Amino acid sequence: MLAADHPYNTVFDPQYWGRHGAPHDVLARLRNEDPVYWFENDQFDPAWLLTRHADVEFVGKQPKLFLSGPRTVFHNPKGFKSPLIGLPQQDAPQHTRHRRAMQGWFTPRAMRNLEDRLAEIAKNSVDRMAATEGCEFCSVVSSHLPLKIICELLGIPEDQEAVVWQLTQDVFAVSDPDLARARDAQQGVRNAMGFCAEIALARQKKPTGDFASTIANAEIDGERMTIQEIASHLMIMISAGHDTTASAISGGMLALIRHPEQLDKLRQHPELTECAVNEMLRYVTPTTNFVRTAAEDTQIGGVKIAKDDDVCIHFCAANRDEDEFENPQQFLIDRRPNRHLTFGTGPHACIGQLLARIEMKALFEELVPRLETVELDGDPEQISAFWVTGLKKLPIKYKIAG
């Protein structure tokens with residue numbers, strides 16, 4: 001059991017993340033000294049904490065050996081029955097069948113069909129910036145594009161975008177009083193599930209050709225999904241479909257500001273935008289970890305893992321692993337290779353990762369060539385959260401070509 005003042009506690013301390021951001025020094029110490037560490041304190045049920053890239057990747061590629069359903073997120077106690085039963089909580093064969101039902105919306109071809117609309121929204125966002133000489137980037141820019149696109153995909157009207165944003169904060173940022181209104185994460189999930197259940201019932205009654213209609217009327221083995229399953233899928237798309245991308249955009253913007261030589265390189269070499277986006281995703285890692293449960297006795301890195309032990313795969317730590325990345329603490333827009341684990345790996349790799357990538361690419365392709373100068377106009381502020389996290393405020397001032 002860790003003492004209350006042990007530095008390892010910072011890995012799962014939302015207030016620490018809110019004050020300082022990710023504890024990269026502590027995560028580096030864990031990688032070097034305790035890469036397969038039995039984490040146990042008086043705040044959470046224990047789990048093996050994995051911080052090396054190779055170990056996190058190994059677990060992600062062994063879905064039969066390491067299950068998702070028993071305990072998906074670290075802050076839930078062992079045995080907790082979440083009302084969420086979407087893709088992150090499912091195991092095969094259920095996961096395979098449900099993922100297949102929605103995969104068509106996230107193919108490369110489907111993403112190409114969104115490119116013109118993404119370019120339009122990105123231009124509108126940068127045009128709004130150009131009308132002023134400063135803004136709070138998180139609320140004005142980074143959340144705008146992914147929120148609008150996910151709402152359009154789901155057929156959610158523009159006047160409900162603010163509702164969707166708040167529901168997401170009540171689930172992901174419940175420890176941050178500046179963002180969350182829900183009493184706790186459970187209430188936040190219930191509220192979001194209720195909102196999504198209403199959408200599901202409406203689309204079953206009257207399909208409208210959007211993603212929500214596809215899920216609401218999809219059949220698995222000849223039977224329609226339950227409302228709980230449909231609402232779970234929709235809630236995950238509504239929340240993870242925009243919040244994590246928004247965090248990657250704002251975190252990427254801050255990285256460019258703090259590394260002006262990289263911003264200059266991107267201005268001079270716009271063909272590096274896709275590569276730069278990949279580095280932003282590694283450097284920021286908005287979803288920091290997930291939990292898996294061992295289905296049988298096994299080993300990780302030579303350490304014995306007992307059946308039913310929980311295992312926390314820490315993507316944020318793995319993405320700074322010195323054995324995988326040269327100079328991992330540096331932000332390098334032309335980093336190659338870049339096998340980051342921001343979207344996970346294996347069958348549970350994020351179904352919407354192509355969408356996130358092209359959203360970020362569209363915005364930075366529009367913004368960077370027009371960005372003549374940019375600097376901070378105050379201190380950035382982090383969300384008080386250790387699971388899905390990022391910036392909540394990024395005040396900047398700039399000059400943008402019209």
Within segment 317-332, which residues are surrounded by 24 or more Cβ atoms within 10 Å (Cβ to Cβ) and either of a type in the set (A, V, I, L, M, F, W, C) or touching a Cys at 6+ places or on another chain (Cβ under 6 Å) (or both)?
ALA317, ALA318
GLN160 - would you say it is in contact (Cβ under 8 Å) with a residue 24 or more places away in the chain, assigned to a helix (DSSP H, G or I) and surrounded by fewer than 20 Cβ atoms within 10 Å (Cβ to Cβ)?
no
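Kindly evaluate GLU375 against the criterion of being within 24 Å of LYS61 (Cα to Cα) and surrounded by fewer than 16 Cβ atoms within 10 Å (Cβ to Cβ). If you could, list the steps in order and put the result at the bottom.
Values: within 24 Å of LYS61 (Cα to Cα): no; surrounded by fewer than 16 Cβ atoms within 10 Å (Cβ to Cβ): yes.
Considered against the rule, which asks whether it is within 24 Å of LYS61 (Cα to Cα) and surrounded by fewer than 16 Cβ atoms within 10 Å (Cβ to Cβ), GLU375 comes out as no.
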Could you list, in sequence order, the residues of segment 1-32 that are within 15 Å of TRP48 (Cα to Cα) and among the aliphatic types (A, V, I, L, M)?
MET1, LEU2, VAL11, LEU27, LEU30
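State which residue is farthest from MET193 (Cα to Cα) when the search covers only segment 66-85 and only residues that are touching a helix residue (DSSP H, G or I) at 6+ places or on another chain (Cβ under 8 Å) and not β-branched (Val, Ile, Thr).
Going through segment 66-85, the residues touching a helix residue (DSSP H, G or I) at 6+ places or on another chain (Cβ under 8 Å) turn out to be 66, 68-69, 72, 74-75, 82-85.
Still in the list and also not β-branched (Val, Ile, Thr): 66, 68-69, 74-75, 82-84.
On the way: PHE66: 27, SER68: 20, GLY69: 18, PHE74: 20, HIS75: 19, SER82: 11, PRO83: 8, LEU84: 8 Å.
Among those residues, the one meeting the criterion is PHE66.
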State the number of residues belonging to segment 210-228 that are touching a residue at least 24 places away in the same chain (Cβ under 8 Å) and farther than 18 Å from LEU87 by Cβ.
2
I'd like the full set of residues that are modelled with pLDDT of 95 or more and among the basic types (Lys, Arg), limited to segment 214-268.
ARG258, LYS265, ARG267
Taking segment 135-157 as the search range and keeping residues that are crowded, with 21+ Cβ neighbours inside 10 Å and among the small types (Gly, Ala, Ser), which one is nearest to THR208 (Cα to Cα)?
SER143
Looking at ARG335, ARG370, ARG339, ARG320, can you tell me which residue is closer than 25 Å to LEU27 by Cα and more than 19 Å from the chain's Cα centre (by Cα)?
ARG335
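With the requirement that a residue be surrounded by fewer than 22 Cβ atoms within 10 Å (Cβ to Cβ) and not hydroxyl-bearing (Ser, Thr, Tyr), what does segment 267-277 give you? Walk me through how you get there before you give the answer.
First, pick out the residues of segment 267-277 that are surrounded by fewer than 22 Cβ atoms within 10 Å (Cβ to Cβ): 267-275.
Scanning segment 267-277 gives ARG267, GLN268, HIS269, PRO270, GLU271, LEU272, GLU274, CYS275.
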Cβ-Cβ under 8 Å, sequence separation 6+ or interchain: first residue in segment 85-113 and within 25 Å of VAL73 (Cβ to Cβ) and without any contact (Cβ under 8 Å) to a residue 24 or more places away in the chain, partner surrounded by 17 or more Cβ atoms within 10 Å (Cβ to Cβ) and of a type outside the set (Ser, Thr, Tyr). Which pairs?
GLN90/HIS98
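Hand me the list of strands (runs of 3 or more DSSP E) wholly inside segment 260-330 holding 1 or more residues that are touching a residue at least 12 places away in the same chain (Cβ under 8 Å) and not aliphatic (A, V, I, L, M).
On the way: elements: 289-294, 298-300, 303-305, 310-314.
So the answer is 289-294, 298-300, 310-314.
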Write out, first by first residue and then by second, each pair whose Cβ atoms fall under 9 Å of each other, whose residues are 6+ apart or on separate chains, and whose first residue, in segment 49-68, is closer than 22 Å to ILE85 by Cβ and in contact (Cβ under 8 Å) with a residue 40 or more places away in the chain while the second is buried (at least 23 other Cβ atoms within 10 Å of the Cβ) and among the acidic types (Asp, Glu).
none
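Checking the conditions here, which among LYS361, LYS392 is touching a residue at least 60 places away in the same chain (Cβ under 8 Å) and part of a strand (DSSP E or B)?
The unique qualifying residue is LYS392.
The values are calculated or read from the model by the stated rules, or taken from the named source; none is laboratory data. Model, not experiment: these values are computed from the prediction. Glycine gets a Cβ as well: all are built from the backbone with ideal geometry, and neighbour counts include every protein chain shown.
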